[in-house]
Amino acid sequence: MTTIENESYLSWLRKRVGPGLILSPSVGAVIRDAQGRLLLQEKSSGEAWSLPAGGIELGESPQEAIAREVMEETGYAVRVGRILGVFGGRAFRYTYPNGDEVEYVATLFECEIVGGSGIPTDDETRSTRYFHRDEMPPLALPYPMDVLFGDVDAQ
């Protein structure tokens, strides 16, 4: 039996399969301010902007994963709310700058900030910023805008 303590599941998996396409269960946070603007993360690597998001670790619930990812990437503690949708398939394939390929199955949660410093605890984030729908930068993944801005629920 192999243990992966002190290492993320994705890192452990990548060491075994290399940069080829893998399927990754993941989570994303939809966090809106009082003006209805959406919180996005600018990646330190220069990739496209994204929701605070990430992979689910072994033994971790999706709710635990999104709370952890938001804290790491934004420095905020959140109350995890309802599921807004689950997205995946070819449109959710992504190639990282290092060549690693992934196809996400992403569960989007509506989240509310309840505390924290707003200072990311990892090195993945260059900055965070709220955006109105009409000023959104391109995102790494094609989430439906109506779901991100609360106009309609995902089908």
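Laboratory data are not the source of any read-out in this text; all were calculated from the coordinates shown. Only a predicted model underlies this, so the values are computations on that prediction, with no experimental measurement involved. Here the Cβ positions follow ideal geometry from the backbone for every residue, glycine too, while neighbour counts run over all protein chains shown.
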Under the Karplus curve 6.51 cos²θ - 1.76 cosθ + 1.60, θ = phi - 60°, whole-Hz ³J(HN,Hα) for region 28-35, x wherever Gly or Pro sits: x, 10, 9, 10, 10, 8, 5, 8
Gain in span if fully extended, residue 58 to residue 146, counting 0.36 nm per residue against the direct Cα distance: 28.6 nm
Computed lengthening from residue 121 to residue 94, 0.36 nm per intervening residue step minus Cα-Cα distance: 7.3 nm
Placed amide H near residue 125: partners under 5 Å, 5+ positions off or other chain: 44
Inter-site label distance for residue 139 and residue 8 at 7 Å from Cα along Cβ, in nm: 1.9
Amide H contacts under 5 Å for residue 84, placed H, 5+ residues apart: 108, 109, 110
Choice from 96, 76, 130 with maximal GNM fluctuation in the chain (Cα, 10 Å cutoff): 96
Sequence-separation-based contact order of region 88-154, relative, with Cα cut under 8 Å and 6+ spacing, percent: 27
Computed helical MRE - 222 nm, the chain, DSSP H runs ≥ 4 contributing -39500 (n - 2.57), nearest 500: -4500 deg cm²/dmol
Three-way shape call for region 33-144 based on the alpha-carbon gyration tensor, with the a/c threshold at 1.5: rounded
Debye, to nearest 20: dipole size of region 40-117, +1 on Lys, Arg Cβ, -1 on Asp, Glu Cβ: 240
The chain: antiparallel DSSP beta bridges as a percent of all, rounded to 5: 70
Highest average packing first - 22-33, 57-68, 82-93, Cβ atoms within 10 Å: 22-33, 57-68, 82-93
Whole-Hz couplings from phi, Karplus 6.51/-1.76/1.60, listed for region 12-18; x for Gly and Pro: 4, 5, 4, 4, 9, 10, x
Rel. contact order, % - alpha carbon contacts under 8 angstrom, at least six apart, region 60-109: 33
Helix 62-74 vs. the chain, principal-axis angle (Cα, 0 to 90°, nearest 10): 80
The chain, relative contact order [Cα under 8 Å, separation at least 6], %: 31
Prolate/oblate/rounded label for region 1-81 (Cα gyration tensor, a/c 1.5): prolate
